[in-house]
Structure formats: C-alpha cells, structure tokens
1. Please state which one of V169, V161, V156 is part of a loop (DSSP other than H, G, I, E, B) and either surrounded by 14 or more Cβ atoms within 10 Å (Cβ to Cβ) or at pLDDT below 90 (or both).
2. Out of the residues in the range 86-106 that are more than 21 Å from V151 (Cα to Cα) and exposed (fewer than 15 other Cβ atoms within 10 Å of the Cβ), state the one that is nearest to the chain's Cα centre (by Cα).
3. Go through (1) more than 20 Å from V179 (Cβ to Cβ); (2) aliphatic (A, V, I, L, M); (3) out of contact with any His (no Cβ under 9 Å at 6 or more places or on another chain) for A103 and report which single condition fails.
4. Outside any helix (DSSP H, G or I), at pLDDT below 85 and at negative phi: is that true of P100 in this structure?
5. Would you be able to tell me the number of residues in the range 35-47 that are assigned to a helix (DSSP H, G or I) and exposed (fewer than 15 other Cβ atoms within 10 Å of the Cβ)?
6. Of the numbered conditions (1) out of contact with any Pro (no Cβ under 6 Å at 6 or more places or on another chain); (2) assigned to a helix (DSSP H, G or I); (3) hydroxyl-bearing (S, T, Y), T82 satisfies every one except a single condition; which is it?
7. Of the conditions (1) touching a residue at least 12 places away in the same chain (Cβ under 8 Å); (2) within 23 Å of A140 (Cα to Cα); (3) not aromatic (F, W, Y), E116 fails just one. Which one is it?
Amino acid sequence: MKRRGFLASSAAMGLLSVLPPTRVLSSSGIASTAVVITDISANTEPGALLRFAEHLLKLGIWSTFAIRLPSGDESDVRLAKTIEDLTQLGGGVDFAIEMPKLAAMSPYFQSRAVFEARAQLQGILGAKAPPLQFQTVLCAEIEAPVEPTGVRSSGVRNVLVKPVSNAPVQSENWGDGVVRFFGGQTLSLQRDFTLQSDAMG
C-alpha cells in the first residue's frame, strides 16, 4: 500500500516522545500504525534511534524519520551517520524533512524551500552519497495555512502537520496529488507506553 493511502487509513495520529530531543508522530493500533519520528538532528543519539527503528520494524510498524536540518554549530557528521544507519534498514523506513514555517509560505516559496532543503541535505550526506529520496515534509500547525500546492514541483506529495492540541485526524487533497494530514493526539513514551530495553534487542 502506498504511504499516502496507509496514512489515510489510520484511525488516529499523534506525537510520541521517544529519545530526547526526538519525538514521534504515530497512528493508533499496531495493524494500521504509521509512525513519524520527528526532531531527528545532530543531537540525536544514532545508536539508540537505530535500535528503536529496528524494534518498530519487528512489530511491522511503518516508520518515517523526520529530519531537522542543522543550523549554527550542530554537527553535520553526526547527522549524516544517523541517516546512513537508518537507510541500511531498507523497506519499511521512509524520510521526511521538517519545515516548520512551510504552512505560512506562498506556493513559490514552498517550492523554493523544499529545493533548498534537498540541497542542504545532500551537502550533509556528501557529494558521493546517493540522494536521499523523500516525498514528505512536516510543518507546524498555524491558524490559516496556505495551500501546500507549491511543494509538488519539488517532489513532495505528503504534508504532515504537528498537532498543537488533540483532535481527530483529517486530510485535505489537491488536484496535483498533494495531501495534507493534520490532527492527532500528543503521547509520551514514558507516560503512555512501557517499552523495556531488553524487549528492543
């Protein structure tokens, strides 16, 4: 099933704290669960994240890893290593780029921002690395979002919106194939789940 349809069939989505400062956007129910782990950055511990990703795959959970591109003095090398490790997991793993301000941009600047994000990501991975393919971006929720039609020209089809408060999951579709998902609930790994380290081995 294509990821867009898989996400659309999910009953609920939400945010789940996993590995500080990493968070996860997830759907309820194991059989129809799509998980989006967000805030993956140069500060994320690669080994711990990889173990968690492997555990999700063992459960049959489809995962998207949303990357927060570095700024300032953050280490490109560490983030590149994290991404490289995740790509080795193969099927069942997808990537997205976090673009918090996307919903406030005009279509022209949406397209430009995605293009620049792709270029920055490739610079992090290195000229010899194959391009990291992604068709999903993650943005912040705002009161009156602009239609995300500009992202399609840069290869993006799915726009996920981080929920500010709990709400039913909904989606919007555009004629160019772009789908925006919003709503969900905020979850905490420590509060809402029990996941022992030996169970992840």
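1. Going through V169, V161, V156 in turn, the sole match is V156.
2. The residue in question is G92.
3. The single condition A103 does not satisfy is (1).
4. Taking the combined requirement at face value, the residue does not satisfy it.
5. 1
6. Every condition holds for T82 apart from (1).
7. (1)
A quick yes/no check of all residues on (1) assigned to a loop (DSSP other than H, G, I, E, B); (2) within 18 Å of the chain's Cα centre (by Cα):
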site	(1), (2)
Y108	no, no
V114	no, yes
A117	no, yes
A144	yes, no
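The values are calculated or read from the model by the stated rules, or taken from the named source; none is laboratory data. Every value quoted in this text rests on a predicted model; they were computed, and no experiment measured them. No Cβ is skipped: glycine too gets one built from the backbone with ideal geometry, and neighbour counts run over all protein chains shown.
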